[in-house]
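First the structure, in the form of structure tokens, and then the observations on it.
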Amino acid sequence: MPTQIQLRRDAAADWASNNPTLAAGEFGWESDSNRFKIGTGSAAWNSLDYADTLKTLGDISVNGSSIIAPSNGDLTLTTSGSGKVNISGAYTLPSSDGSANQVLQTDGSGVLSFGSVSVGDFSFVGSTMSSPSNADITLAPSGTGGVIASGIKIKGTSISSDDSTIININDGLVVDGSLTLQTGASVTGIADEDDLSSNSATLLASQQSIKAYVDNEISNVSVGDLTFNGSTIGAPSNADLTLTSSNGNVVIEGIRVAGTTISTEDSSAGVEIAGNLIPSQDGVFQLGSASRRWQTLYVAAETIDLGGATIKSDGSGQLEIAATGATLPSGSKIGDQSLVLGGKTNKTGARPVQIVKVFVSDGSTNKSDAQFLAGTADLELEFNGTVETVPVYTDAQQTFTLANGTSLTSNAGGITLFQF
């Protein structure tokens with residue numbers, strides 16, 4: 001009777017669930033995947049590798065989806081018949097990834113590398129097409145075709161618009177040769193119209209300056225990451241807009257900016273600010289410095305606020321401050337009380353006095369009080385702030401005639417008139 005040999009078998013899920021340890025050399029077959037493992041006597045099922053996986057083929061090793069040649073050995077893939085896949089040592093692949101939008105190109109000797117798109121000796125990077133150094137870019141259509149670049153048509157030596165609209169020149173136009181105007185043509189913006197002969201259609205560039213007048217606004221133009229929309233230049237979100245000049249100044253509508261200095265471009269009196277000038281932080285910045293001060297500060301009345309206290313003015317008077325003290329205008333007061341002044345004579349110079357103006361009538365003219373007060377006082381008397389024996393008239397450099405016809409002398413003692 002023949003001997004029947006059967007291998008140990010089970011479904012893949014059951015093998016994994018039971019995870020038995022096969023004896024050394026014992027076969028274990030997965031009946032549903034048709035794969036098998038061979039036991040080692042110590043490793044459980046889940047730790048064993050499948051024995052049906054191809055590991056080597058000749059001197060080629062296979063690991064998962066990788067085919068590996070021996071060290072320094074070439075890897076050759078060949079097809080039979082008219083097959084197309086054949087590297088077979090003709091190309092050397094790059095060892096690292098290229099940059100975005102690059103392509104794989106050859107150097108002509110079988111070495112492949114990543115590089116920018118090129119056609120002939122042109123290179124293409126982003127939206128820029130570049131020719132070799134110092135080489136012209138020639139666009140030559142065949143037949144009667146023209147070259148159209150963003151609406152500008154070039155056909156032979158003629159430049160026109162593709163849609164019959166006006167061609168705008170937004171910068172200076174320099175003509176090294178002669179500029180010929182056909183009959184019926186017109187030029188807008190001639191710098192010196194007297195130089196244009198009415199009978200001549202030719203303008204010599206060395207003698208004439210032509211300025212193009214642009215009627216239409218430029219919209220949705222970008223330079224770098226700046227955008228131009230009408231008369232607005234926009235920087236990207238949260239980015240600074242920086243205008244710099246090489247050893248020059250930046251001039252904006254007559255305002256000159258040189259480094260951190262702002263001045264006027266012409267001889268105008270100064271820079272005008274048509275709004276409030278407010279610091280970005282409270283109590284941090286200063287107006288001027290200890291070494292660079294403003295000469296004169298002009299402000300309207302009642303406009304100086306020092307920490308909540310105000311300084312007011314009616315537009316008249318003068319306040320002087322010096323190391324020897326402050327000089328106040330005549331009639332200065334503390335609150336609603338007048339200040340007591342020092343005397344003007346030798347005996348009252350250091351005493352507090354009240355200066356009183358005295359008006360005297362000559363008896364020949366009748367005047368009202370208002371008329372008297374509108375004139376200049378005849379006398380100015382000093383009345384002491386303290387009671388002292390000081391003649392009022394004589395020490396005020398005035399004369400006084402007594403009832404007996406004699407004059408009160410300047411050294412008369414004991415007589416004090418109008419003493420408070």
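Using 0.36 nm per residue, how much length does the chain from SER313 to LEU75 gain when fully extended, once their Cα-Cα distance is taken away?
Details: separation 238, 0.36 × 238 = 85.68 nm, distance 9.82 nm.
Here the answer is 75.9 nm.
Can you list residues whose amide H is under 5 Å from ARG35's amide H, if they're 5+ apart or on another chain and H is modeled 1.01 Å from N?
Correct list: GLU30.
What ³J(HN,Hα) values, in whole Hz, does the Karplus curve 6.51 cos²θ - 1.76 cosθ + 1.60 give for segment 251-257 when θ = phi - 60°, with x put for Gly and Pro?
With coefficients 6.51, -1.76 and 1.60, one gets 10, 10, 6, x, 9, 9, 10 Hz.
Amide H of ARG256: which non-local residues (sequence gap of 5 or more, or other chain) have their own amide H closer than 5 Å, using H built in the peptide plane?
Sorted by chain and number, the residues that satisfy this are SER263, THR264, GLU265.
Between ALA370 and VAL257, what FRET efficiency comes out of the Förster formula 1/(1 + (r/R0)^6) with R0 = 51 Å and r the beta carbon distance, rounded to 0.05? Mind showing how you got there, number by number?
Details: r = 60 Å, r/R0 = 1.18.
So, using R0 = 51 Å, E works out to roughly 0.25.
What distance in nm lies between label points placed 7 Å from Cα along the C-beta direction at ASN101 and ASP282?
The answer from the label model is 5.2 nm.
List every residue whose amide H lies under 5 Å from the amide H of ILE152, counting only residues 5 or more places away in sequence or on a different chain, with H placed 1.01 Å from N in the peptide plane.
When sequence neighbours closer than 5 places are left aside, the close amide H contacts are ASP162.
For ILE304 and ASP336 in one chain, what is 0.36 nm times their gap in residues minus the Cα-Cα distance, to one decimal in nm?
Result for the pair: 9.4 nm of gain on full extension.
Each value in this text was obtained by applying a stated rule to the coordinates, not by laboratory testing. Quick caveat: nothing in here was measured; it's all calculated off a predicted structure. Every residue, glycine as well, gets a Cβ built from its backbone with ideal geometry; the counts of neighbours run over all protein chains shown.
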